[in-house]
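Novice: I have a structure here, written as structure tokens, and I will follow up with some questions on it.
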Amino acid sequence: MDKIKIIGGNALNGKIYISGAKNAALPLVCAALLSEEPVTLQNVPALSDITFLNSLLQYMGMKISESEELHDGYRSKTYTYQADNITALVAPYDFVRKMRASYYVLGPLLARFKHAELSLPGGCAIGARPIDIHLTSLEQMGATIEIKNGYVVADAPNGLKGAHVIFHKASVGATCNILMAATLAEGTTRIENAAKEPEIANLIDLLNAMGAKITGRDTSILTIEGVKKLHKATIAVVPDRIEAGSYAIAAAITKGRIELINAQAEHLQQPLRTLEKMGLDVETTDKSIIIDGRNKTICGEDIYTDYYPGFPTDLQAQFMALMTVAEGASLVTESIWENRFMHVPELCRMGANINIHGHASAIVRGVKKLSGAPVMATDLRASFALVLAGLAAEGETIVNRVYHLDRGYEKLEEKLKAVGANIERIKEED
Ligand code: UD1
């Protein structure tokens, strides 16, 4: 398994292009199942999660063609998907256990083909991660759902029907799944307490471009008037706000200056405000964000993760890495996932001073310096937090389990090297 070796201490300066968002691309890819006509996605990040989802869709019979294009000055992938000969209506265990987002096939398959089978995803490193909201909403739309041999078996022999569904939590995944299902349902569906993440707006834009009738974009009440068929469309994946936030912290923690090209500040309001409160200079334009940490004293600050537009849970670990070297104390409260402090013991091995209280709060008391160490994390964002700590630490840090990073950070070493990091991948045979 590959490792990443970092020699810390370099201030990072320069420009980093922000890629398309993984969490936007995943549902967009699955939306292609809703039509027999081609759906083209531009600015798709080159990530293992995407190639993995592509392989699931190919298993189902999806035709996929791939090219590279310049998008906003950055070379990225364009994929065209055509679902005119879907032969398997099942997402098998071997796919779903490796990537939970495979559950995005459920809504589209059921809506278009009236049947779907999905291996139940189970929990993961950051929490139990139930999918009850997805399933009860589909039931309200007329589907019958059975759990058999670890699989969700969903049927809607007469097609899905519009319904009024109220989510008990503003789930991103359920919002995407039910949106996609409702586009081809008979009648009108109304989703209350829908998630409002920018990745959902991206999906709504694609679905509407395909002929769906969805209103309420960017609000918590979405109304979908079902249509008989969807047609071809092209859309670009929105820039990845979590990747942008992660590299913003790379500038902050190394006291450098990085311009994040193509980053959208409006999607990062809470994290950027937090960086300002911590003492960083933040400058925004409509096409980039500049984070300047040169000659700044970084101070502790509290964060509370919440549904968008609240502070993103997917930036909690990276901010905690910054807090470890800030002056004073910071309180981190994680309200979305019940088990998202797995990076804490690893940061402490590098010299951080962090105390966890209960399962939702951690107090970070800033230290003068971290020191390099071999470390590993159990999830994607926690792994990036360890990269950040390594960039700031004295000496050598080896981050193990790099496959987590490859799921969500395109060209990680290349991007960090270009701004002056001493980082390299050590290739190892399994
Ligand atoms: C998505 C993101 C993930 C991010 C999360 C929260 C993708 C591929 N992943 O995950 O990176 O951390 O949003 O911003 O986009 N819940 C239920 N029942 C359900 C579904 C969710 O109780 O049926 C709960 C979860 O346990 C959690 C909360 O709702 O406490 C939010 O989960 P959700 O928004 O669904 O997260 P994901 O879509 O899985």
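What follows draws every value from the coordinates through simple rules; no lab data is involved. Everything numeric in this text was worked out from a predicted model, so none of it was measured. For neighbour counting, all protein chains shown are included, and Cβ atoms are generated from backbone atoms with ideal geometry for every residue, glycine included.
Novice: From the square roots a ≥ b ≥ c of the eigenvalues of the alpha-carbon gyration tensor of segment 342-391, which class results: rounded (a/c under 1.5), prolate (a/b over b/c), or oblate?
Specialist: Cα axes put segment 342-391 in the oblate bin.
Novice: Give the shape of segment 275-430 as rounded, prolate or oblate, defined through the alpha-carbon gyration tensor: a ≥ b ≥ c are the square roots of its eigenvalues, a/c under 1.5 means rounded, and otherwise the shape is prolate if a/b is larger than b/c and oblate if not.
Specialist: Rounded shape, in that the Cα axes give a/c under 1.5.
Novice: What order, most packed first, do the peptides 2-8, 317-323, 198-204 have when packing is the mean number of other Cβ atoms within 10 Å of each residue?
Specialist: Top to bottom by mean Cβ count within 10 Å: 317-323, 198-204, 2-8.
Novice: Would you mind working out the magnitude of the charge dipole of the chain relative to its Cα centre, with +1 at each Lys and Arg C-beta and -1 at each Asp and Glu C-beta, to the nearest 20 Debye?
Specialist: Roughly 220 debye, rounded to the nearest 20.
Novice: In segment 88-219, what is the count of Lys pairs whose alpha carbons are under 28 Å apart, counting only pairs at least 8 residues apart or on separate chains?
Specialist: Close lysine pairs found across segment 88-219: 17.
Novice: Let me know the shape class of segment 87-137, please: from the alpha-carbon gyration tensor, a ≥ b ≥ c as square roots of the eigenvalues, rounded when a/c is under 1.5, otherwise prolate if a/b is greater than b/c, or oblate.
Specialist: oblate
Novice: In addition: Can you give me the long-range amide H partners of Val152? Hydrogens built in the peptide plane at 1.01 Å from N, cutoff under 5 Å, separation of 5 or more residues or another chain.
Specialist: Residues meeting the criterion, in which the H sits 1.01 Å from N, are Leu118, Ser119, Leu120.
Novice: Cα to Cα, under 14 Å, and not fewer than 8 places away if on the same chain: which aspartates and glutamates meet these conditions relative to Lys3?
Specialist: Glu396, Asp406, Glu413, Glu424, Glu428, Glu429, Asp430
Novice: Report the label-to-label distance for Glu283 and Asn13 in nanometres (one decimal), using points 7 Å from each Cα along the Cα→Cβ vector.
Specialist: It works out to 1.4 nm between the two label points.
Novice: In whole Hz, with x marking every Gly and Pro, tabulate ³J(HN,Hα) for segment 97-111 from phi via Karplus 6.51 cos²θ - 1.76 cosθ + 1.60, θ = phi - 60°.
Specialist: Working through the residues one at a time gives 5, 8, 8, 4, 4, 3, 5, 5, 7, 4, x, x, 5, 5, 5 Hz.
Novice: Quick one: angle between helix 241-253 and the longest Cα principal axis of the chain, in degrees between 0 and 90, rounded to 10, please.
Specialist: Taking Cα atoms only, the helix is inclined about 0 degrees.
Novice: Right, another one. Can you tell me which of 161-169, 331-339 comes out highest on packing, and rank the rest after it, using the mean Cβ neighbours within 10 Å?
Specialist: Taking the mean over residues of other Cβ atoms within 10 Å, the ranking is 331-339, 161-169.
Novice: Among the DSSP beta bridges whose two residues both lie in the chain, what percent are antiparallel, rounded to the nearest 5?
Specialist: 75
Novice: If packing is taken as the average count of other Cβ atoms within 10 Å, what order do 344-352, 77-85 fall into, highest mean first?
Specialist: Packing order, densest peptide first, comes out as 344-352, 77-85.
Novice: Can you give the angle from 0 to 90° between the axis of helix 380-392 and the longest principal axis of the chain, with both taken from C-alpha atoms, to the nearest 10?
Specialist: 20
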